[in-house]
1. Note down, for the range 112-225, the three equivalent ellipsoid semi-axes (square root of 5 times each alpha carbon gyration tensor eigenvalue), biggest first, whole angstrom.
2. With charges only on Cβ, +1 for K and R and -1 for D and E, what is the dipole size of the range 112-225 about its Cα centre, in debye, rounded to 20?
3. If all Cα-Cα distances of the range 160-231 are sorted into 5 Å bins from 0 onward, what percent lands in each bin, rounded to whole numbers?
4. Apply the Karplus parameterisation 6.51 cos²θ - 1.76 cosθ + 1.60, with θ equal to phi minus 60°, to every residue of the range 176-189 and state each ³J(HN,Hα) to the nearest whole Hz, in sequence, with x for glycine and proline.
5. For the pairs LYS97/LYS152; LYS97/LYS117; LYS117/LYS164; LYS104/LYS148; LYS104/LYS155, note any where the Cα-Cα span goes beyond 19 Å.
6. What is the Cα centroid distance between the range 199-215 and the range 118-173, reported in whole angstrom?
7. Which whole-number value in Å² is the accessible area per residue of the range 112-225, probe 1.4 Å?
8. Rounded to the nearest 0.05, what FRET efficiency do ASP102 and GLN176 have when you use their Cβ-Cβ distance and R0 = 45 Å?
Amino acid sequence: MASEITYAEVKFKDASPAAQVKVPPKTKKCEHHPQKYPAWLPWLISLLLFLVCLALAIALLAASFCPSGDQPTALQQTFMEWRCMSALPQSKGLGWKCCPRDWKLFQESCYYLSSDKLSWAESEQNCTGMGAHLVVINSKAEQNFLSKELQKYRKGENYYIGLKAQELEGWHWVDQTPFNETAAFWRIGEPSHTYGEDCVVIHRLSEAPNNWNNVGCWNRHRICEAAAVTV
Ligand SMILES: *[C@@H]1O[C@H](CO)[C@@H](O)[C@H](O)[C@H]1NC(C)=O
Ligand SMILES: *[C@@H]1O[C@H](CO)[C@@H](O)[C@H](O)[C@H]1NC(C)=O
């Protein structure tokens, strides 16, 4: 019996040192974990997340004010100063229609009345150079608006529009809109069939709406048109 008890004691002694060695490191590791992270780290992470959210919010806000979202148009790149009008009664989503300063807004377009004179071809070049084109008149409302603006403007008599005779096809709009004889606003007796009178003006002093005249293509005033920018 005595030898058996001694044997058992030896076995117990062998096992206990191993257990004592294994257990303390585990408890030590657990005690060390919280001390590896400084107390301010969660605050720093929260602050960084907050700043990221703030940056995202600002970016979204800026994007919603940026006209048309995608690439800025040539018109937007040409002009620094703009005038906007509320468009809310007509359209649903977008709140403002904008034109460059000194241009006139009507429906979905902006119009520029020149004070200088150029040939018809130079006039069209000047308009396209600004991201516009010589005006294309699509409705009686547009024709009446332009006639009224020209009455106010009072500089010179003849303003080029984007209509020109082409040798075989007849009257031709610069933006390829089909020419509609019943929506044309010729002055009485026009268009005349005089040789070389291939370009069309609005004659400011003729009574609206029928104030178009075909003329020679040398230097005259012009009306440019571009799509209004909605924001
Ligand atoms: C068009 O004409 C206007 C007025 O003369 C001028 O200020 C502008 O620079 C011209 N733009 C181009 C692209 O020719
Ligand atoms: C031409 O204009 C008239 C009058 O504005 C309009 O009723 C008609 O639908 C137009 N025709 C075409 C082909 O656009």
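1. Numbers: eigenvalues 64, 57, 41 Å².
Equivalent-ellipsoid dimensions as semi-axes: 18, 17, 14 Å.
2. Charge dipole of the range 112-225: 540 debye, to the nearest 20.
3. Binned Cα distances yield the sequence 3, 14, 26, 26, 18, 7, 4, 2, 1, 0.
4. Per residue, the Karplus-derived 3J(HN,Hα) values read 6, 4, x, 6, 10, 4, 7, 10, 9, 10, 5, 5, 3, x Hz.
5. On the way: LYS97/LYS152 22 Å; LYS97/LYS117 29 Å; LYS117/LYS164 17 Å; LYS104/LYS148 12 Å; LYS104/LYS155 16 Å.
Among LYS97/LYS152; LYS97/LYS117; LYS117/LYS164; LYS104/LYS148; LYS104/LYS155, the Cα-Cα distance tops 19 Å for LYS97/LYS152; LYS97/LYS117.
6. First find each Cα centre; the distance between them is then 10 Å.
7. Values: 5830 Å² over 114 residues.
That works out to 51 Å² per residue.
8. 0.95
The values are calculated or read from the model by the stated rules, or taken from the named source; none is laboratory data. It should be emphasised that the depicted structure is a prediction, and the values quoted were computed from it without experimental measurement. Neighbour counts are summed over all protein chains in view; Cβ atoms, including those assigned to glycine, are modelled from backbone coordinates with ideal geometry. Note: areas computed on protein heavy atoms with side chains; ligands, DNA, RNA excluded. Shrake-Rupley method; radii C 1.70, N 1.55, O 1.52, S 1.80 Å.
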